Amino acid sequence: MGFFLVLYEAQARTAVANSVYPAKIELVTWTIPLMVESKDKGLFVELVREIGKRNKKDIGVSVQSAGQALMSFSSSKVHGYFPAHIMSLSKNMIATTPFYTKNDYVFFRKDKRLTSIKDLEGKKVGLTFRYFYDPEILNNKKIRVEYADDDFINMKKLGDGLIDAFVVEERSGIKALQESGFTNIEFDKASKLSSKSIHFAFENSAQGAALRDLFDKTLNEMKKDGSLDRLFATKN
């Protein structure tokens, strides 16, 4: 009797979840070198495609500016967004288990080595709009922060000498550097500035919770079978 009760409850939960899944799951994001090149290209986009494939769900990805993307989500035009950092979520949002770790580094010109928060004091430092940065940077009044719309613009400003340093996630920073064509810029792999876990975010509702659980289930499966690590480890 107990077995059938458990089976019935599991089937009931599945039925409830299926009833709240939208016919097409709509996610929004913004351009990030290597991670989100377009709605069809990028490591994060490949992850979304794999989640859809494993669950036989139609998941659409739209790429907007970061500000527009967050506005689309907050106005319920989409079901979720990525990448999200747990500290950026409001009380009406819920997040999946982390799927990536964002390691930030200081990119600097080779003639002016800068690797730490202390090194950045008194310097003009490029940041990218809508990205999440360590409070040690944002709250340090001695650092002259200057924002740009994307990583490529910041890397170009650094190469042209318009800023002294650029704080950016390691792999997207490397990609932006490759695209910029500059050879006078580098970063110190041994001097990580900060680390943050990255998630998918959904609305804090019955539907949002069902989507969060669906994504969590798949992410945990991918962690166990090693495919999540392979996705981010094999491509540059």
Radius 13 Å from Cβ of Gly159, net charge of other residues (Lys, Arg +1; Asp, Glu -1): -1
So what's the net charge close to Tyr81: Lys and Arg +1, Asp and Glu -1, counting the other residues with Cβ under 14 Å from its Cβ? +2
Helix-only mean residue ellipticity at 222 nm for the chain, each DSSP H run of n ≥ 4 adding -39500 (n - 2.57), per residue, nearest 500: -12000 deg cm²/dmol
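Using the crude model of +1 on Lys and Arg Cβ and -1 on Asp and Glu Cβ, and no other charge, please compute the dipole size for the chain relative to its Cα centre, in debye to 20.
On the way: 36 positive and 30 negative charges, 15 e Å.
The dipole magnitude comes to about 80 debye.
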Tell me the label-point distance for the pair Asn220, Ala190, using the 7 Å Cα-to-Cβ offset, in nm and rounded to one decimal. 4.0 nm
If packing is taken as the mean number of other Cβ atoms within 10 Å per residue, what is the order of 119-132, 159-172, 47-60, highest first? 159-172, 119-132, 47-60
Express in nm, to one decimal, how much length is gained between Asn103 and Lys141 on full extension, taking 0.36 nm for each residue of separation and deducting their alpha carbon distance. 11.4 nm
Relative contact order of region 103-195, defined on C-alpha pairs under 8 angstrom at six or more residues apart (%): 47 percent
Shape verdict for region 30-85, please, from the Cα gyration tensor: rounded (a/c under 1.5), prolate (a/b greater than b/c) or oblate. oblate
Area accessible to solvent at Thr101, 1.4 Å probe radius, in Å²: 70 Å²
How much area per residue is accessible in the chain when the probe is 1.4 Å and only protein heavy atoms are counted (Å²)? 51 Å²
Which value results when the Cα radius of gyration for region 103-195 is divided by 2.2 N^0.38 Å? 0.93
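Summing Lys, Arg as +1 and Asp, Glu as -1, what charge do residues with Cβ under 12 Å from the Cβ of Leu70 carry, Leu70 excluded? Can you show the working numbers first?
Numbers: positive: Lys77, Arg130; negative: none.
Taking every Cβ under 12 Å from that of Leu70, the sum is +2.
Measure off, as a whole percent, the carbon and sulfur share of the 1.4 Å-probe accessible area of the chain, all protein chains present. Provide the component values of the computation, followed by the final result.
Numbers: 6410 of 12020 Å².
Looking at the chain in its full context, I get 53 percent from C and S.
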Using bins 10 angstrom wide from zero, how does P(r) for the chain break down, in % of all Cα pairs? 7, 30, 31, 19, 8, 3, 1, 0
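The values are calculated or read from the model by the stated rules, or taken from the named source; none is laboratory data. All of these numbers come straight from a predicted model, not from anything done at the bench. In this analysis, Cβ positions are derived from the backbone assuming ideal geometry, glycine residues included, and neighbour counts consider all displayed protein chains. Ligands, DNA and RNA are excluded from the accessible area calculation, which covers all protein heavy atoms including side chains. Shrake-Rupley method; radii C 1.70, N 1.55, O 1.52, S 1.80 Å.
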